[in-house]
Amino acid sequence: MQSEARRWILHLDMDAFFASVEQMDRPELKGRPVIIGGAERGVVSTASYEARKFGVHSAMPMFRAKKLCPQGVFLRGRMARYQEKSREVMLLLEKFSPLVEQASVDEAYLDATGLERVFGSALDMARQLQAEVYAQSGLSCSIGLAPVKFLAKIASDMQKPGGLTVISHAEVPAFLERLPVGKIPGVGPQMLKNLELLGIRRAADVQRYPEDFWQARLGKAGGALFDRARGIDPRPVEPYTEAKSESAENTFARDISTVPELSVWLLRQSERVGRSLRARGLFGRTITLKLKYNDFSQKTRSRTLKRPTNLTRTIYETALELLGEARLERPLRLIGVGVSRFERSGRQLSLLPDPEEEAAGREAALDAALDALRGKFGSRSVIRGKLFADKEEKA
Ligand code: TTP
Ligand code: MG
């Protein structure tokens, strides 16, 4: 507990993120109820704080939002733009600490331990960060500062929008005395009911029963609940390492020198890489083609895309372009494709504003369907046949 005493975790969450971006890009929308949604299952993605006064909130059916707030400005949303602003904010956070973990499209944790010495106090650092986010991105955020992750997250939500909430080390016990147990992450509606039956309403009440009791009932989750209820959350801030990559390569039984033959391998590899990225919920910005000639000399060529992707088609087509540019010098004994510079997906990737994104959405649906089939029947069950034939002929 000694080292815990000086730990500071900051959690940042943008205010009404998608709606705020629209209000910033279109100043005439400032102060008006803006509701983003409809693209995904006909529900609200988010609503500006002006719209929330009418009772509109995320996940509500759009028709209901229209009834509650007929004067609202209803928009489908522009996911690419939100991703761009998200990236901007995340890069800015990295100027404050190398330990930044993006948790969703508009949320991040930052390990602020020790930064208080640089900025005067942890609170000063948080203030400066909040001001900087606003100055640089034009968007407002709420910040929570606490000794551990889950408390920082709860704190960031306490005074939205524009909030800055600190739970100091000394305040933690009193905070847990008051905290409704349902606010502890992992406590869902069913568990909440069971806890209520045991007379447990506040986080601190969990301690009325010993750790064994919780572990016997809930297993691992019981241990975590018992810990959180005492203010313990050992999870570190895990910065995302961009160096990671996903790749596939094959050495041929005999050397190959024609593009149509090579493209068959590339397609298979793109599929493998894409599928693995999709399974991990990752998107990569850089596509790399690797070639090894029959004299064992090796060559790589990379291209960085405007938007991160995990689509088989995009990976494949980029690799094919790179192959076209490589001008094969001699027969190849190996070809491979890799994707790197990962970014996390937003969870709302089916918000499809512009035509390019619409096409990407259709591709994503196709990939998802094929992934599901392969998951069921094995990776060799589905083969993309003529799908990319037009491109292959050109190549
Ligand atoms: P949140 O941070 O949950 O919501 P928010 O930023 O709009 O509002 P606030 O944090 O001030 O309460 O989610 C971030 C973005 O994610 C949000 O702007 C839109 C999107 N989103 C959805 O698309 N569907 C959802 O159900 C939720 C909760 C969010
Ligand atoms: Mg938010």
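The values are calculated or read from the model by the stated rules, or taken from the named source; none is laboratory data. Only a predicted model underlies this, so the values are computations on that prediction, with no experimental measurement involved. Because the Cβ atoms are built from the backbone with ideal geometry, glycine has one as well, and the counts that use them run over all protein chains shown. Surface areas here come from the heavy atoms of the whole protein model, side chains and all, with no ligands, DNA or RNA. Shrake-Rupley method; radii C 1.70, N 1.55, O 1.52, S 1.80 Å.
Quick notes on this structure:
- If R0 is 30 Å, the Cβ-Cβ spacing of residue 117 and residue 207 corresponds to a FRET efficiency of close to 0.35.
- Relative to the longest principal axis of the Cα atoms of the chain, the long axis of helix 220-229 makes an angle of roughly 40 degrees.
- Coil-residue trypsin sites (Lys or Arg not before Pro) of region 1-66, DSSP, other Cβ within 10 Å capped at 10: 41
- The length gained on full extension between residue 6 and residue 25, counted as 0.36 nm times the residue separation minus their Cα-Cα distance, comes to 2.8 nm.
- Each DSSP beta bridge with both residues in the chain is either parallel or antiparallel, and the antiparallel ones are about 90%.
- Degrees separating the helix 259-280 axis from the principal Cα axis of the chain, which is the longest one: 10
- Sum of -39500 (n - 2.57) over DSSP H runs of 4+, divided by residues of the chain (222 nm, nearest 500): -13000 deg cm²/dmol
- Pairs of lysine residues in region 10-167 that meet both criteria, 8 or more places apart or on different chains and Cα atoms under 30 Å apart, total 24.
- Rounded to the nearest 10 Å², the accessible area of residue 84 at probe 1.4 Å: 100
- Added length on full extension, which subtracts the Cα-Cα distance from 0.36 nm per residue, residue 366 to residue 247: 40.7 nm
- The value obtained for the chain, namely the Cα convex hull volume divided by the number of residues, is 197 Å³ per residue.
- Computed extension gain for residue 356 through residue 103, at 0.36 nm per residue and net of the alpha carbon distance, reaches 88.5 nm.
- Highest-fluctuation residue, 47, 155, 170 considered, GNM on the chain with Cα pairs under 10 Å: 170
- Helix axis angle, 79-96 relative to the chain longest principal axis, alpha carbon, degrees: 70
- Shape summary: region 105-188 maps onto an equivalent ellipsoid whose semi-axes, from the alpha-carbon gyration tensor, are 23, 16, 10 Å in decreasing order.
- Rounded to the nearest 5, the antiparallel percentage of DSSP beta bridges internal to region 1-124 is 80%.
- Candidates 245, 20, 45, ranked by Gaussian network fluctuation over the chain, Cα under 10 Å, top entry: 245
- Computed about its Cα centre, the charge dipole of region 10-167 is approximately 740 debye, with only Lys, Arg, Asp and Glu carrying charge at their Cβ.
- Put a plus charge on the Cβ of each Lys and Arg, a minus charge on the Cβ of each Asp and Glu, and nothing anywhere else: the dipole of the chain about its Cα centre is then about 820 debye.
- Placing a label point 7 Å from the Cα of residue 255 along the Cα-to-Cβ line, the residues of region 326-342 whose backbone N sits under 20 Å from it are 326-336.
- About its Cα centre, the dipole of region 173-228 is roughly 180 debye, where the only charges are +1 on Lys and Arg Cβ and -1 on Asp and Glu Cβ.
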